[in-house]
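The values are calculated or read from the model by the stated rules, or taken from the named source; none is laboratory data. Since the structure is predicted, the reported quantities are computational estimates derived from the model, not experimental observations. As a convention, Cβ positions derive from the backbone with ideal geometry for all residues, glycine included, and neighbour counts pool all protein chains shown.
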Amino acid sequence: MRGRVRSQNAFQISTDRPLERKADEVARDFYRFDSRQRRVLVIGSEKRRPISSVGWLDEWPALADYDVVIINLQTLDRVTLVKLSRVDKERLTQMRAQLFDLMMSKGEIYCILAPFLVFGAYVYFPDGAMEPEWSNLNWSPIGFSMTEIRGETVKVEGEVKFEEYLRHVAGWDCYLNSTASLGYIEERLRREDKFKPGEELFWQSYPLAMNRYGKPLAASLCFGIRQEENKYGEPRIKFISDFLHLLPPPTKISTEEGIDLLIEEAKGLPARTITPDWVELYHVPGEEQIGEKIEGTVKRIRAAEREQKKLFQTYRQLQYTKSLLYEHGDNLKRAITEVLQRMGLMVKPYLPAAGLLVLHTRFGRMILDALGRSGPAQLEDLQILLRHAAFAQEDGRIWKGILVFNHYRLEDPTCERPAAFPAEVVARAREMRLGLMTAEGVYACFCKISKGSMLCEEFEERLHQGIGIIHLPVVETRHTQAMLRFSPPRLEME
């Protein structure tokens with residue numbers, strides 16, 4: 001697997017020795033914890049925590065305002081990545097810029113790795129380098145890549161940072177490659193006039209865990225600026241950033257539990273001792289009773305969640321009926337079909353003509369057409385219905401044609417509007433024995449039938465007998481929000 005990014009200078013990783021001592025004097029001590037309480041942000045966690053935590057599609061705070069940003073790439077799957085590309089095209093680009101500022105201001109990044117994902121075209125640069133338009137690694141200021149291969153041997157490099165976390169890693173799906181790209185970093189430094197002539201941009205890696213043949217499974221990366229070598233052959237370090245820590249996902253515990261360990265690491269809290277297996281031999285009085293109560297509570301919670309899901313589904317269906325008041329085109333036809341079916345009628349597509357519907361009633365079949373326009377109906381709106389209603393018949397009886405029209409509201413319903421059917425349209429419908437009714441009237445009938453103040457048979461009888469305008473009940477509206485005893489949350493209609 002290759003995760004190639006824009007690269008002007010690629011440097012080999014050095015696992016033999018750390019930076020020279022002069023670099024350490026300039027850089028922040030790798031193993032030092034701040035004495036103050038550090039601000040931590042978690043990105044991509046599904047668990048609610050007392051610290052700041054956001055999902056990939058949520059609204060984010062300023063990342064550079066934190067001391068440590070923990071990134072869970074496990075939740076940035078392909079579906080989430082595609083949604084992110086549609087919802088916020090600049091999210092990963094802005095994230096990379098803010099994480100660059102974070103590393104420049106002595107802030108750290110903890111990243112739980114995941115398999116490389118990429119889609120879309122590649123962006124090419126004048127120097128011949130390229131980077132994918134969308135990948136789950138586009139957020140990183142330091143361009144790194146991984147090789148996908150599975151293994152189980154994990155060797156922790158002595159007493160290192162994240163030692164407690166790495167003790168929970170028993171298998172891995174990839175290792176880090178020994179090259180990196182500093183193209184984005186060089187571009188930012190030159191733009192901000194922090195990279196002068198005669199200076200060199202470099203990067204360094206501290207291995208944290210290796211596989212049995214020496215490939216890094218976890219590493220801490222940083223970058224810096226140094227001047228050219230002096231007469232003694234030693235470069236003078238001008239600046240070193242803080243670290244981007246790349247970590248494999250834990251296998252002995254869940255990812256969310258691993259994030260908890262990383263939070264403890266970030267805040268400088270003492271690491272928890274791994275619970276040994278023999279602890280299960282001991283029992284605290286009341287432990288089993290509490291466990292049974294917890295199990296019963298969990299079952300009731302799940303039952304309540306299932307009931308809530310059903311209620312919200314029903315609520316969405318009821319909300320969807322309101323689309324009769326403002327939709328047009330195919331959306332109006334779908335809404336008409338669903339509402340009539342919920343009233344107990346059978347509605348099917350009319351196969352000889354796309355867009356027309358067949359309504360089955362106890363008085364026979366009828367051809368239904370549904371149109372919507374921001375204005376009154378016109379004579380042309382009857383043409384398709386007239387053309388097919390004249391030939392649709394059963395047992396010698398011509399099917400009745402009905403036009404459902406919606407001069408859908410773009411403004412408040414209390415505003416004055418012209419009548420849905422002008423006189424010439426009504427006259428033509430009477431002449432051809434067609435029925436005309438508004439979508440608002442269908443909505444009003446649905447409400448009355450749902451409340452039990454009207455029978456579906458009465459609605460069918462009006463459809464059968466009505467020629468010209470079919471008179472239906474008037475829509476009832478709620479004028480003030482204070483009249484509502486219950487105001488459910490606003491839901492998006494599917």
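Per-structure values
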quantity	calculated
Any chance Pro126 is assigned by TED's automatic domain parsing to the domain that holds Ala97, in a strand (DSSP E or B) and at pLDDT below 90	no
Within region 140-154, tally of residues that are closer than 13 Å to Val169 by Cα and touching a Lys or Arg at 6+ places or on another chain (Cβ under 7 Å)	1
Qualifying residue in region 215-230 (condition: assigned to a strand (DSSP E or B), in contact with a Cys (Cβ under 9 Å, 6 or more places away or on another chain) and buried (at least 23 other Cβ atoms within 10 Å of the Cβ))	yes
Scope region 200-214; condition assigned to a loop (DSSP other than H, G, I, E, B) and in contact (Cβ under 8 Å) with a residue 12 or more places away in the chain; matching residues	Asn211, Arg212, Gly214
Matching residues, region 61-94, being outside any strand (DSSP E or B) and within 23 Å of Tyr165 (Cβ to Cβ)	Leu63, Tyr66, Asp67, Leu73, Gln74, Thr75, Leu76, Asp77
Region 278-332: number of residues that are loosely packed, with under 10 Cβ neighbours inside 10 Å and not in a helix (DSSP H, G or I)	5
Count - residues of region 339-363 that are farther than 28 Å from Glu424 by Cβ and among the small types (Gly, Ala, Ser)	1
Residue within region 460-475 that is closer than 25 Å to Asp330 by Cα and of a type in the set (Gly, Ala, Ser) present	yes
Test: residue in region 216-225 that is at pLDDT 90 or above, in the same structural domain as Lys106 (by TED's automatic domain parsing) and either of a type in the set (Phe, Trp, Tyr) or at positive phi (or both)	yes
Conditions (1) assigned to a loop (DSSP other than H, G, I, E, B); (2) at pLDDT 85 or above; (3) among the small types (Gly, Ala, Ser); number of the one not met by Ser374	(2)
Residue in region 147-179 that is surrounded by the fewest Cβ atoms within 10 Å (Cβ to Cβ), counting only those that are touching a Leu at 6+ places or on another chain (Cβ under 7 Å) and under 17 Å from Cys222 (Cα atoms)	Val160
The lone exception for Thr80 - which of (1) touching a Phe, Trp or Tyr at 6+ places or on another chain (Cβ under 7 Å); (2) within 25 Å of Glu264 (Cα to Cα); (3) surrounded by fewer than 19 Cβ atoms within 10 Å (Cβ to Cβ) it fails	(2)
Filter result (out of contact with any Leu (no Cβ under 9 Å at 6 or more places or on another chain), closer than 20 Å to Ala444 by Cα and not aliphatic (A, V, I, L, M)) within region 343-392	Gly344, Arg373, Pro376
Among (1) at positive phi; (2) in the same structural domain as Gly441 (by TED's automatic domain parsing), the one test that Gly286 misses	(2)
